[in-house]
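Each remark here refers to the structure printed beneath this line.
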Amino acid sequence: MARPLVPLISIDALVTAALELVDEAGDFSLPKLAKRIGVSQSSIYNHVSGREEILELMRGRIISESPYVLEDERDWEASLRAIVRSYRDAFARHPKLAPLLVLQTVQDDKVMALYENLAVALEAAGFRGRDVMSAISTIDSFALGFALDLAAPDVVWAPPAQGYPALTSALAHAGPTDERGEAAFEFGLEILIAGLHSRLQSTVL
């Protein structure tokens with residue numbers, strides 16, 4: 001049979017279906033992806049090289065769906081806040097994707113642009129040399145950590161009634177899951193920025 005002149009599937013359809021599978025089950029496979037979109041597995045290879053490329057396409061998709069605006073590149077603190085919030089918000093819609101992406105090298109152009117903007121903001125702040133990459137790695141771990149937290153169960157800690165009074169008291173003030181996560185994110189972001197300020201001051205002295 002002659003090959004169809006118009007592809008039966010598109011890259012966009014592949015990424016959408018893969019994200020649906022991850023949202024539902026926390027992972028995807030090429031056989032399940034092929035079944036979801038109603039094609040043979042070999043048809044998928046006409047569009048992408050395999051699982052790794054699909055993961056990168058998903059990474060790019062969620063980042064592009066969470067845009068950020070850098071109004072003044074000289075205001076590194078505002079830039080950092082915008083980028084980190086955008087990164088965390090990108091995973092808020094697909095929290096089960098985060099564990100899959102932390103195991104893979106970042107290659108997508110849209111995501112590279114995010115890290116480029118982050119490097120520009122850090123250099124504008126005064127960071128130089130190794131400190132730029134160290135700061136990026138720290139910020140990345142912070143944002144991904146909160147992305148993973150979005151996929152956590154509603155009850156993260158379940159201490160018994162006796163024996164953990166300090167933790168039990170802390171949990172009593174945590175509030176609902178979404179409030180706890182948001183408060184922890186804002187708390188951590190303030191500490192992260194304060195730490196970066198402290199690092200800058202120490203390198204100047």
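The values are calculated or read from the model by the stated rules, or taken from the named source; none is laboratory data. In this text the structure is predicted, and so the values were computed from the model without any measurement. Neighbour counts run over all protein chains shown; Cβ positions are idealised from the backbone, glycine included. Areas reflect the complete protein model, heavy atoms only, side chains present, ligands, DNA and RNA absent. Shrake-Rupley method; radii C 1.70, N 1.55, O 1.52, S 1.80 Å.
Some observations on this one:
- Selection within segment 161-205 - among the small types (G, A, S), open to solvent by less than 50 Å² (accessible area, probe 1.4 Å) and either in a helix (DSSP H, G or I) or modelled with pLDDT of 95 or more (or both): G181, A184, G188, G195
- Criterion violated by S29 - all others in (1) open to solvent by less than 50 Å² (accessible area, probe 1.4 Å); (2) polar (S, T, N, Q); (3) within 17 Å of the chain's Cα centre (by Cα) satisfied: (3)
- In segment 98-145, the qualifying residues are those that are exposed (fewer than 13 other Cβ atoms within 10 Å of the Cβ), of a type in the set (S, T, N, Q) and free of Cβ contacts under 8 Å to residues at least 12 places away in the same chain, and the one that is nearest to E190 (Cα to Cα) is S141.
- Residue among A13, A34 that alone is buried (at least 17 other Cβ atoms within 10 Å of the Cβ) and over 30 Å from H197 (Cα atoms): A34
- Some residue of segment 39-55 being touching a Pro at 6+ places or on another chain (Cβ under 8 Å) and exposed (fewer than 13 other Cβ atoms within 10 Å of the Cβ): yes
- Filter result (among the polar types (S, T, N, Q) and free of Cβ contacts under 8 Å to residues at least 12 places away in the same chain) within segment 146-191: Q162, T168, S169
- Only residues that are over 23 Å from the mean Cα position of the chain (by Cα) and open to solvent by less than 60 Å² (accessible area, probe 1.4 Å) were counted in segment 146-160, giving 1.
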